[in-house]
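Written below as structure tokens is the structure these notes are about.
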Amino acid sequence: MTSENTEQEPVTFVDKRKIDPETGEVREGDAVPEPLVGTGAAPQPDSVDEGTVDGDVVEDPRDTQVVELTADLQRVSAEYANYRRRTDREKQTGAENAKASVVSQLLPVLDDLERARQHGDLETGPLKAVADKLAGVFSNIGLTTFGAEGDAFDPAIHEAVSHEGDGSSPVVGTLMRPGYKLGERVLRTAMVGVVDSAAQESDAPASDEQ
């Protein structure tokens with residue numbers, strides 16, 4: 001069974017004659033094998049470096065595929081991160097809207113408790129305990145009131161039902177119904193009467209005495 005060789009081995013022969021046919025002299029020693037004239041290893045073609053053709057670099061298709069797959073993975077990762085952030089924001093907004101809706105429906109109850117406090121009905125007794133517990137719950141969830149007398153008038157959060165003065169420096173003069181905020185969200189504007197601030201009255205300049 002023969003095997004294919006990439007290189008052809010040279011063919012040699014051994015001259016066993018004792019007399020040299022050219023000189024006629026007796027040979028001494030072992031015969032030396034000599035290669036046949038005209039035989040030898042087949043010439044090998046010039047080797048070409050892998051990845052080059054005529055000296056030009058040839059791009060490996062596998063490298064291009066790796067780059068494309070990496071770009072696809074980065075794009076998918078970015079899209080998923082954006083989806084997670086958007087989903088988290090939507091969940092948070094939905095929770096805040098639900099909480100604001102529930103608290104808004106309970107504001108009339110707080111109005112009733114405030115009127116009862118003004119009449120002295122919450123000084124003692126079980127109703128005072130209930131009012132205090134409700135106040136603690138609303139405070140924990142971030143509900144705050146606004147509209148105290150003397151505050152600067154802000155049409156974004158104050159509903160003016162009366163106005164006295166020329167309006168040069170309006171402030172809250174009378175609080176008819178408190179306003180409520182849940183965090184930074186205004187649940188209800190404050191109903192107020194507006195007056196001009198007495199602090200803005202100009203004083204006549206005193207004349208210098210000689």
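The values are calculated or read from the model by the stated rules, or taken from the named source; none is laboratory data. No experiment lies behind these values; they were computed from the predicted model shown. No Cβ is skipped: glycine too gets one built from the backbone with ideal geometry, and neighbour counts run over all protein chains shown. Accessible surface is based on the protein model in full, side chains and every heavy atom, while ligands, DNA and RNA are left aside. Shrake-Rupley method; radii C 1.70, N 1.55, O 1.52, S 1.80 Å.
Given a 1.4 Å probe and the protein chains all in place, what does the accessible area of residue 134 round to, in Å² to the nearest 10?
60
When Lys and Arg each count +1 and Asp and Glu each count -1, what net charge do the other residues less than 10 Å away from residue 157, Cβ to Cβ, add up to?
For residues surrounding residue 157, the net value is -1.
What's the local net charge at residue 110, with K and R +1, D and E -1, over the other residues with C-beta under 14 Å away?
Neighbour charge sum, excluding residue 110 itself: +2.
With a 1.4 Å probe and all protein chains kept in place, how much accessible area does residue 180 have, in Å² rounded to the nearest 10?
Rounded to the nearest 10, that gives 20 Å².
When you count, for each residue, the other Cβ atoms within 10 Å and take the mean per peptide, how do 183-192, 113-122 rank with the highest first?
183-192, 113-122
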